[in-house]
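Presented below is the structure to which this report refers.
A short reminder: the numbers here are calculations on the coordinates, not readings from a lab. It should be emphasised that the depicted structure is a prediction, and the values quoted were computed from it without experimental measurement. Cβ atoms come from the backbone with ideal geometry, glycine included; neighbour counts cover every protein chain shown.
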Amino acid sequence: MTLIRSVAGVRGIVPRDLDAVIARRYARAFGEMIGGRIAVGWDSRPGGDELEQAVVSGLADCDATPVRLGIVPTPTVGVAVRSLECAGGVCITASHNPGEYNGLKFFSGSGVFVTREEGERIFERADTLAGMAAAPCEPDRRPESADAIETHIGLVLASRHVDVDAVRGAAPRIVVDCCNAAGSVILPQLLTRLGCDVDTIFAEAGTGFPRVAEPTPESLTALCERVRETGASAGFACDPDADRLAIVDETGRAVGEEYTLVLSTDAVLAVSPGPVVTNVSTSRMVDDVAARYGVAVHRTAVGEANVVAKMADVSAVVGGEGNGGVVLPDVHFGRDAATAVALIVSQMARRGVNGVGELVRELRPYAIVKRKLPAVDRSDASLEKVLTATLTGGEIDRTDGVKISWADSWVHVRPSNTEPIVRVIAEAPDAGGANELATRAEMALAVSGEGNE
């Protein structure tokens, strides 16, 4: 196993793949590339403070100036890059990956992730720095910009798509699960200022993850129970760096992260109809909502950087991914759980519903299943060959891995950007159909040896 390098930055298991020496080297490579003031934040993962110090030292090695933000969500780093007029930013995070992982995400001066080409330049320079000695560096460890969260919240509340008056009038009871990580420093405060009656679980940043990092339905049992116990209108959960949001309805049922982008898109289009961008792994529910408003949906390869680039190209009003990530340009050009929760609560208040499940039930239902397989051969050509031998008659999309679509269903197989796995995602009108497609894809990969170590 080696450090995973992709459009999502670098990520690996600590200390096997990523340690302070490696983090310092990548930070120096990034600092050499852009120079100037660089915002630095971390998501509170165990050991992340050591990696943060390494990043600060790596930036100082090349005379860049680190601006420490402390524990903040990944999107807050992007916001701070712009508000503090930095040349770029680094967030120490492994996002939704399990707790043994950590990583680095790099931001350009516009507050968005660096492009794939810029990332490759960072990687190449980091490789040339391997083995080079670095002088000791112990800069001041106090955060230099404690107002980063306040700036972020201010942008969310100021968005024309967030109806603060309507939410305050409705005063919904909301439970939020922050995984004891970076979401703890923004989501409870934001919801309170919106006018919600807020209850929190797992909202003590830095005390260790109490559940699986990825907010899948299986990991949200405590949130589901608290929603039922308190009679809340909704429950929301984020991943450790708070760029993704999952929903629990008023009955205590985790509805699945695909609904986050769908409901957020509906909230935005109701105010500002316009183009929508998402990736090829996202549910067709987005297309159904867009059709209501007569607007186009554009699809990209998986990865926030890919979605954001396309959003800029087509002047999209909203975008994101089916993993619970929502991008609203008038707040931040990146996935943001804070933005998503504000949009969904606003839509609930504007529509006068008693629970978020009422919005969910208005949508045409689809069933989507997501599976993970270990991978050896990640060739897209070989994936397509084995899949099309078993799954026939569909339209082939080679945007990212291989996606095969039929009139009312699809299956997508692709190597992950963030883990050494192949992802298998299938959607159909019912769970039986989706599971059958995913199983047939898995069997094709198993027979070919693609999905086995």
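Can you list residues whose amide H is under 5 Å from Gly111's amide H, if they're 5+ apart or on another chain and H is modeled 1.01 Å from N?
The list, which skips near neighbours in sequence, is empty: none.
Quickly work out the Glu229-to-Thr251 label distance, labels modelled 7 Å from Cα along the C-beta direction, and quote it in nm with one decimal.
So the label points at Thr251 and Glu229 sit 2.2 nm apart.
If contacts are Cα pairs under 8 angstrom and at least 6 residues apart, what is the relative contact order of the range 191-257 in percent?
Values: 86 pairs, mean separation 17.5, N = 67.
With pairs under 8 Å counted, the relative contact order is 26 percent.
So for the pair Asn435, Val271, with labels modelled 7 Å out along Cα→Cβ, what separation do we get in nm?
With each label placed 7 Å out from Cα toward Cβ, I get 4.0 nm.
Is the shape of the range 312-434 best called rounded, prolate or oblate, per the rule: a/c under 1.5 gives rounded, else a/b larger than b/c gives prolate, else oblate, with a ≥ b ≥ c the square roots of the Cα gyration tensor eigenvalues?
On the way: a/c = 2.35, a/b = 1.64, b/c = 1.44.
Prolate shape, in that a/c is at least 1.5 and a/b is the bigger ratio.
For percent of Cα pairs over 35 Å apart, which listed value, (i) 27; (ii) 50; (iii) 39, comes from the coordinates shown?
The calculated read-out lines up with (i).
Give me a comma-separated list of calculated 3J(HN,Hα) values for the range 357-368, in order, Karplus coefficients 6.51, -1.76, 1.60 applied at θ = phi - 60°, integers in Hz, x for any Gly or Pro.
x, 5, 5, 4, 6, 6, 8, 5, x, 10, 10, 10
Can you give the FRET efficiency for Ala389 and Ser315, using 1/(1 + (r/R0)^6), R0 = 45 Å, r = Cβ-Cβ distance, to the nearest 0.05? Kindly include the intermediate steps, with their values, before the conclusion.
Numbers: r = 41 Å, r/R0 = 0.91.
In this case the efficiency is close to 0.65.
Counting only C-alpha contacts under 8 Å and six or more residues apart, can you give the relative contact order of the range 4-146 as a whole percent?
Here the relative contact order equals 31 percent.
Defining a contact as two alpha carbons under 8 Å apart and six or more residues distant in sequence, what relative contact order in percent does the chain show?
Details: 1074 pairs, mean separation 58.7, N = 453.
It rounds to 13 percent for the chain.
Which of Arg361, Arg371 has the fewest other C-beta atoms within 10 Å, and how do the rest follow up to the most? Before the final figure, lay out each step's value.
Values: Arg361 12, Arg371 17.
Listing Arg361, Arg371 from fewest to most nearby Cβ atoms yields Arg361, Arg371.
Can you give me the Cα centroid spacing of the range 230-283 and the range 178-200 in angstrom?
Comparing the Cα centres of the range 230-283 and the range 178-200, I get a distance of 16 Å.
Can you put Ser315, Ser283, Ser233, Ser108 in order of Cβ neighbours within 10 angstrom, beginning with the fewest? Walk me through the intermediate numbers first.
Working: Ser315 9, Ser283 22, Ser233 25, Ser108 17.
Ranked by crowding around the Cβ, least crowded first: Ser315, Ser108, Ser283, Ser233.
Take every DSSP beta bridge with both residues inside the chain and express the antiparallel ones as a percent of the total, to the nearest 5. Mind dumping the intermediate values first?
On the way: 42 of 68 bridges.
Given both bridge residues lie in the chain, the antiparallel proportion sits at roughly 60 percent.
With a 10 Å Cβ neighbour count serving as the proxy for reagent exposure, in which order, fewest first, do Tyr293, Tyr259 appear? Walk me through the intermediate numbers first.
Details: Tyr293 16, Tyr259 24.
With the fewest neighbours first, Tyr293, Tyr259 line up as Tyr293, Tyr259.
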